[in-house]
Amino acid sequence: MTVDSSAARKPRRSAADKAGTTGSTTGATGTNTGTAGAQSGATGTKRSTGAARATRGKKSTEPELVQLLTPEGKRVKNAEYDAYVAGITAEDLRGLYRDMVLTRRFDAEATALQRQGELGLWASLLGQEAAQIGSGRALRDDDYVFPTYREHGVAWCRGVDPTNLLGMFRGVNNGGWDPNGNNFHLYTIVIGSQALHATGYAMGITKDGADSAVIAYFGDGASSQGDVAESFTFSAVYNAPVVFFCQNNQWAISEPTEKQSRVPLYQRAQGFGFPGVRVDGNDVLACLAVTRWALERARSGEGPTLVEAFTYRMGAHTTSDDPTRYRGDEERAAWEAKDPILRLRRYLEASNHTNDGFFAELEAESEALGKRVREAVRAMPDPDHFAIFENVYADGHALVDEERAQFAAYQASFADAEGGR
């Protein structure tokens, strides 16, 4: 499917055109605030830290974590990122809460539908709602998203109907939406390849003269893929307006993060010559602020950013996975105490930004969404079991024909067994 570069609407501003821009110099251990117009020696491009110093030169026993809401729902000040959520209203906060609740409800319904045999597979986002909603709501309409297969919350933010996500998981289509309609690309199953797609698209809109940005989502496991490393190289060298948003949910299926990297993932950006920042991925306000900052850098001609959203996959990798085989209940319990939805609810209640009527109405809306999703999936046709053989070769192939015949015999064996009862 051809993806239109529809983002080319306004000329891109260079960093030099932006008043008050401050530069940075990349040191051995981090990106430090420098004087205006400082140059990046690696790529020869200006790189502004804006209000944020993504990685620092000072030593610390723990990686820096941007957090604006504690797990208890307390608002904490952050001199570097508060400006990016300074204008947020009580209505906006309720909207973020609604987004997370409805996304979780849709996700739970899809998981149940898979267990009932209505879907072939489902990749749950449970626990990652803040990372997806916060970053998704930071985007402009003309920005472009390249997701993996778990970005159901980002799809929600881009206006993709939840029922359109399910056709692929039922096996009746290859993605049920037009990516150009919402600037939200089709789900990518191949691990890490979308980072390259995002980088190439970002390079393209730069040539088109757009001031839009591109965001690529991937997980901690994908960060070990060569495609991601190559996208980092190209984006840095060409100063592409792309944000790499890594949802570090601690587990690449059954492989923990500490067995994938000797340094925190966001620090990998240093070796490629662009900033990296770790944000509390269960804090929707922090994810919103950091992503806004990173997108602003991209749109202003300052190049790529790596955002590591430090979160947790509360459920299985997919419905074919059993996480109890490789992680303990105590780990999940520790992360349940950091639940992103409960965190924002506590803040809303403590700040008198809502009332019982809001929660009751949202509960009713949530149940109505679940019912609509359930009915839509059950109204979908059954998948064609032989469609998998149709598009392997343009002109057919003897081996594929043989495999099709073997599969047909296998399917027929069930009918024969039932007829013999």
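The values are calculated or read from the model by the stated rules, or taken from the named source; none is laboratory data. The structure presented is a predicted model; accordingly, all values stated were derived computationally and were not measured. Counting neighbours? That spans all protein chains shown, and the Cβs are built from the backbone with ideal geometry, glycine included. Quick note on the areas: whole protein, heavy atoms, side chains included, nothing else; ligands and nucleic acids left out. Shrake-Rupley method; radii C 1.70, N 1.55, O 1.52, S 1.80 Å.
Quick one: would you say Glu302 is of a type in the set (Asp, Glu) and part of a loop (DSSP other than H, G, I, E, B)? Break it down stepwise before answering.
Details: of a type in the set (Asp, Glu): yes; part of a loop (DSSP other than H, G, I, E, B): yes.
Yes.
Restrict the check to region 223-239 and report whether at least one residue is outside any helix (DSSP H, G or I), in the same structural domain as Glu129 (by the TED database) and open to solvent by less than 10 Å² (accessible area, probe 1.4 Å). Quick ask: steps written out before the conclusion?
Initially, region 223-239 is screened for residues outside any helix (DSSP H, G or I), giving 225, 238-239.
In the following step, the residues that additionally are in the same structural domain as Glu129 (by the TED database) were identified as 225, 238-239.
If we keep only those that are open to solvent by less than 10 Å² (accessible area, probe 1.4 Å) too, we end up with none.
No, there is no match, as no residue in region 223-239 is outside any helix (DSSP H, G or I), in the same structural domain as Glu129 (by the TED database) and open to solvent by less than 10 Å² (accessible area, probe 1.4 Å).
Of the residues making up region 259-271, just one is more than 21 Å from the chain's Cα centre (by Cα) and within 14 Å of Gly221 (Cβ to Cβ), namely Lys259.
Summed over region 310-325, residues that are touching a residue at least 40 places away in the same chain (Cβ under 8 Å), part of a loop (DSSP other than H, G, I, E, B) and open to solvent by 50 Å² or more (accessible area, probe 1.4 Å) total 1.
Go through region 348-393 and give me each residue that's among the small types (Gly, Ala, Ser) and open to solvent by less than 70 Å² (accessible area, probe 1.4 Å). Within region 348-393, Ser351, Gly357, Ala360, Ala364, Ser366, Ala368, Gly370, Ala376, Ala387 qualify.
Residue under question is Ile133, and the condition is that it be assigned by the TED database to the domain that holds Arg278, in a helix (DSSP H, G or I) and buried (at least 18 other Cβ atoms within 10 Å of the Cβ); does it hold? Full working, then the answer.
Details: assigned by the TED database to the domain that holds Arg278: yes; in a helix (DSSP H, G or I): yes; buried (at least 18 other Cβ atoms within 10 Å of the Cβ): yes.
Yes; evaluated as a whole, the condition is true for this residue.
Is there a residue in region 174-185 that is in a helix (DSSP H, G or I) and touching a helix residue (DSSP H, G or I) at 6+ places or on another chain (Cβ under 7 Å)? No, because not a single residue in region 174-185 is in a helix (DSSP H, G or I) and touching a helix residue (DSSP H, G or I) at 6+ places or on another chain (Cβ under 7 Å). Just name the residue that is farthest from Ala83 (Cα to Cα) out of those in region 247-287 that are of a type in the set (Asp, Glu) and open to solvent by 30 Å² or more (accessible area, probe 1.4 Å). So the residue we want is Glu255.
How many of the residues in region 377-398 are more than 25 Å from the chain's Cα centre (by Cα), hydrophobic (A, V, I, L, M, F, W, C) and outside any loop (DSSP other than H, G, I, E, B)? If you could, list the steps in order and put the result at the bottom.
Here is the first cut: in region 377-398, the residues more than 25 Å from the chain's Cα centre (by Cα) are 378-398.
Filter once more, so that each one left must be hydrophobic (A, V, I, L, M, F, W, C): 379-380, 386-389, 392, 394, 398.
This time we only want the ones that are outside any loop (DSSP other than H, G, I, E, B), so: 387-389, 398.
Number satisfying all stated conditions: 4.
Can you find a residue that is in a helix (DSSP H, G or I) and in the same structural domain as Pro304 (by the TED database) anywhere in region 242-254? No, region 242-254 contains no residue that is in a helix (DSSP H, G or I) and in the same structural domain as Pro304 (by the TED database).
Would you confirm whether any residue within region 110-129 is small (Gly, Ala, Ser), over 19 Å from Asn248 (Cα atoms), touching a Leu at 6+ places or on another chain (Cβ under 8 Å) and open to solvent by less than 10 Å² (accessible area, probe 1.4 Å)?
Narrowing region 110-129 to residues small (Gly, Ala, Ser): 110, 112, 117, 120, 123-124, 127.
Pick out the ones that are also over 19 Å from Asn248 (Cα atoms) and you get 110, 112, 117, 120.
The next check asks that each one be touching a Leu at 6+ places or on another chain (Cβ under 8 Å); those that pass are 110.
If we keep only those that are open to solvent by less than 10 Å² (accessible area, probe 1.4 Å) too, we end up with 110.
Yes, that holds for at least one residue.
Put simply, of Arg343, Arg332 the only residue that is in a helix (DSSP H, G or I), modelled with pLDDT under 95 and either within 20 Å of Gly73 (Cα to Cα) or touching a Leu at 6+ places or on another chain (Cβ under 6 Å) (or both) is Arg332.
Looking at Arg292, is it of a type in the set (D, E, K, R), free of Cβ contacts under 8 Å to residues at least 24 places away in the same chain and not in a strand (DSSP E or B)? Against the criterion (of a type in the set (D, E, K, R), free of Cβ contacts under 8 Å to residues at least 24 places away in the same chain and not in a strand (DSSP E or B)), Arg292 does not qualify. Residues satisfying the criterion are absent from region 289-306 (criterion: in contact with a helix residue (DSSP H, G or I) (Cβ under 6 Å, 6 or more places away or on another chain), modelled with pLDDT under 95, assigned by the TED database to the domain that holds Ala83 and surrounded by fewer than 24 Cβ atoms within 10 Å (Cβ to Cβ)).
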